[in-house]
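Chemist: Sharing a structure with you now.
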Amino acid sequence: MANTTPAFNLKVVLKETGIAADTLRAWERRYGLPMPQRSAGGHRLYSQRDIETIKWLMKRQEDGLSISRAVDLWNEQIASGTDPLADLVQTTPILAITVPPKSPDTTLDSLRAQWVEACLGFSESTAEQVLNQAFSMFPVEAVCLEVLQRGMFEVGERWYQNRASVQQEHFASALAMRRLDSLLSASPAPTREQSVILGCPPDEWHTLTPLLLTLLLRRRGLNVIYLGASVPAAQFSTTVKDIGADLVVLVAQQLITAATLQQTAQALASQAIPVAFGGRIFNVHPGMPASISGHYLGQDLPAALDQIETILSKKLRLPQSKAASPLYEAAYQAFVSKRGQIELTLREWMKPISLTPDNLHIGIHFLGENISAALQLGDISYVSGEVAWLKVLLKFHEAQPEQLIHFMEAYSEAVKQNINSHGKPISDWLTAEIENLKAK
């Protein structure tokens with residue numbers, strides 16, 4: 001496979017392929033092929049694969065195809081899972097650029113580590129200097145994915161392991177978001193006719209990933225309308241009708257917001273509006289995408305970009321979503337209708353147990369929301385991962401481990417008292433979870 005690392009400027013590509021600059025720009029603008037990355041200064045950077053793609057298209061023209069038909073043929077092969085360049089004999093490019101070896105301190109991994117440490121130390125100037133250095137050396141896409149996105153993941157992991165404070169996480173997030181806003185402001189004008197609406201479903205407030213996706217799609221020439229956090233379904237629908245968008249992309253990171261995303265996607269699908277979706281929670285639970293009315297974008301941003309291109313090419317059929325079983329439908333309806341009584345009973349029973357009112361409120365709300373979401377999505381086991389999160393949350397509020405067991409036991413009894421046999425999936429899950437907590 002030809003190397004995909006962006007290393008060649010426009011001059012090198014023109015000399016290597018013999019194509020005219022105006023022709024190449026027209027191909028990129030009209031057909032999105034090839035799609036070079038850009039340097040920090042906005043200059044095109046092509047990979048060896050981009051060069052071979054251009055040569056492949058030119059060869060199809062020599063064979064008598066129009067450029068539009070050649071592009072169609074390329075897209076058809078990609079959509080069918082065939083790489084048009086699969087039979088390419090890899091050779092060293094004639095005009096390969098000699099890249100001097102980088103200092104260990106200026107690799108993307110090293111720059112990410114420096115940025116994370118600067119954020120944890122609340123050093124804004126150092127963090128900004130590290131980003132400036134990274135953008136001066138590497139393509140925008142690489143820095144966004146390898147420094148900002150992975151850096152924020154590392155900060156989040158440290159917080160989860162109680163090795164970073166919420167203040168440090170918020171500080172790093174603010175710096176990352178500010179840089180993304182700046183890059184979005186400087187992104188080039190759309191060069192393609194297709195439009196994409198992108199945002200978060202109701203109650204989803206984590207916007208780093210959708211902002212990153214917005215930036216990367218704009219840099220591919222698409223007109224992207226970013227609606228931001230916690231957008232009601234009606235606003236997506238209205239905006240589609242106002243601008244005639246080709247696709248709505250939804251991003252959710254939590255179990256609770258995967259459920260609101262499901263509702264939003266279903267509402268849009270009922271109006272024949274194409275929907276694609278992704279986010280952390282779908283990576284955690286590989287079976288969850290099957291319950292959503294839309295195209296799953298995959299486990300990372302590069303995969304999402306490729307999938308969106310395929311969807312926009314109209315080559316991908318919408319998968320059939322899987323409805324929750326009648327057992328889960330009944331359990332969901334019973335839980336939603338009786339949730340207030342369950343929580344009232346729970347509060348009464350928890351009075352003698354030394355759990356502060358704040359911790360009790362956090363636990364009741366958090367568990368109730370996640371149980372409701374999991375039932376709606378058709379699998380109560382989804383909540384198990386959130387119990388680990390609840391343990392961290394309560395630990396942050398200085399609750400003791402045994403208090404979580406007492407809380408779960410009381411919740412189980414409250415469910416049994418207030419819901420009849422329809423609550424069996426909930427009761428069975430709570431019983432198993434309590435046993436797991438005791439075993440640890």
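The values are calculated or read from the model by the stated rules, or taken from the named source; none is laboratory data. The structure displayed is predicted, hence computed values, not measured ones. Cβ: placed from backbone, ideal geometry, glycine included. Neighbour counts: every protein chain shown.
Chemist: Please work out which one of (1) at pLDDT 95 or above; (2) in contact with a Leu (Cβ under 6 Å, 6 or more places away or on another chain) is the condition Ile292 fails and give its number.
Modeler: (2)
Chemist: Let me ask another. State the number of residues belonging to segment 181-230 that are in contact with a Ser or Thr (Cβ under 8 Å, 6 or more places away or on another chain), within 25 Å of Thr257 (Cα to Cα), assigned to a loop (DSSP other than H, G, I, E, B) and not acidic (Asp, Glu).
Modeler: Residues in segment 181-230 being in contact with a Ser or Thr (Cβ under 8 Å, 6 or more places away or on another chain), within 25 Å of Thr257 (Cα to Cα), assigned to a loop (DSSP other than H, G, I, E, B) and not acidic (Asp, Glu): 5 in total.
Chemist: Right, next: Where residues in segment 146-167 are touching a residue at least 24 places away in the same chain (Cβ under 8 Å) and assigned to a loop (DSSP other than H, G, I, E, B), which of them is surrounded by the fewest Cβ atoms within 10 Å (Cβ to Cβ)?
Modeler: The extreme case among them is Asn162.
Chemist: Among the candidates Leu255, Leu268, Leu213, single out the residue that is among the hydrophobic types (A, V, I, L, M, F, W, C), crowded, with 18+ Cβ neighbours inside 10 Å, touching a residue at least 40 places away in the same chain (Cβ under 8 Å) and in contact with a strand residue (DSSP E or B) (Cβ under 8 Å, 6 or more places away or on another chain).
Modeler: From the options Leu255, Leu268, Leu213, the qualifying one is Leu213.
Chemist: If the Cβ limit is 6 Å and pairs must be 6+ apart or interchain, which residue in segment 112-130 that is free of Cβ contacts under 8 Å to residues at least 12 places away in the same chain pairs with which residue that is in a helix (DSSP H, G or I) and among the β-branched types (Val, Ile, Thr)?
Modeler: Close Cβ pairs satisfying both conditions: none exist.
Chemist: Given the criterion in a helix (DSSP H, G or I) and at pLDDT 95 or above, identify the matching residue among Ala276, Ala267, Ala330, Ala259.
Modeler: After applying the criteria, what remains is Ala259.
Chemist: Here are some residues: Ile405, Ile380. Which one is at pLDDT 75 or above, in a loop (DSSP other than H, G, I, E, B), touching a helix residue (DSSP H, G or I) at 6+ places or on another chain (Cβ under 7 Å) and of a type outside the set (Asp, Glu)?
Modeler: Every option except Ile380 fails the conditions.
Chemist: Any chance you could count how many residues in segment 102-140 are charged (D, E, K, R), closer than 23 Å to Thr5 by Cα and either touching a Ser or Thr at 6+ places or on another chain (Cβ under 6 Å) or modelled with pLDDT of 90 or more (or both)?
Modeler: Number of matching residues: 2.
Chemist: Name the residue, out of Phe277, Phe236, Phe282, that is touching a His at 6+ places or on another chain (Cβ under 9 Å) and either in contact (Cβ under 8 Å) with a residue 12 or more places away in the chain or more than 30 Å from Ile364 (Cβ to Cβ) (or both).
Modeler: Of Phe277, Phe236, Phe282, the one residue that is touching a His at 6+ places or on another chain (Cβ under 9 Å) and either in contact (Cβ under 8 Å) with a residue 12 or more places away in the chain or more than 30 Å from Ile364 (Cβ to Cβ) (or both) is Phe277.
Chemist: Looking at segment 41-59, is at least one residue part of a loop (DSSP other than H, G, I, E, B) and of a type in the set (Asp, Glu)?
Modeler: Checking segment 41-59: not a single residue is part of a loop (DSSP other than H, G, I, E, B) and of a type in the set (Asp, Glu).
Chemist: Then there is this: All but one of (1) in a helix (DSSP H, G or I); (2) within 16 Å of the chain's Cα centre (by Cα); (3) among the small types (Gly, Ala, Ser) hold for Ala234; state the number of the condition that does not hold.
Modeler: Answer for Ala234: the failing condition is (2).
Chemist: Sticking with this structure for a sec: Among the residues of segment 158-174, is there at least one that is within 21 Å of Arg38 (Cβ to Cβ) and of a type outside the set (Asp, Glu)?
Modeler: Within segment 158-174, none of the residues are within 21 Å of Arg38 (Cβ to Cβ) and of a type outside the set (Asp, Glu).
Chemist: Return yes when Gln320 is modelled with pLDDT of 90 or more and loosely packed, with under 14 Cβ neighbours inside 10 Å and no when it is not.
Modeler: So Gln320 does not fit the description; no.
Residues are listed down the side, and each one gets a yes or a no for (1) under 27 Å from the mean Cα position of the chain (by Cα); (2) surrounded by 14 or more Cβ atoms within 10 Å (Cβ to Cβ); (3) more than 24 Å from Lys314 (Cα to Cα):
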residue	(1), (2), (3)
Lys15	no, no, yes
Arg30	no, yes, no
Arg38	yes, yes, yes
Thr53	no, yes, no
Trp56	no, yes, no
Lys59	no, no, yes
Asp63	no, no, yes
Ile67	no, yes, no
Asp83	yes, no, no
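Chemist: Are there any pairs with C-beta distances below 7 angstrom linking a residue in segment 168-191 that is not assigned by TED's automatic domain parsing to the domain that holds Ala229 to a residue that is among the aromatic types (Phe, Trp, Tyr), with the two at least 6 apart or on different chains, and if so which?
Modeler: Sorted first by the residue in segment 168-191, then by its partner, the pairs are Glu169/Trp159; Phe171/Phe122.
Chemist: Looking at segment 303-323, I want the residues that are under 16 Å from Pro286 (Cβ atoms) and have a partner that is among the small types (Gly, Ala, Ser) and assigned to a helix (DSSP H, G or I) with Cβ atoms under 9 Å, at least 6 apart or on another chain. Which pairs are those?
Modeler: From residues that are under 16 Å from Pro286 (Cβ atoms), the pairs are Pro319/Ala290; Ser321/Ala265; Ser321/Ala269; Ser321/Ala290; Ser321/Ser291; Lys322/Ala290; Lys322/Ser291.
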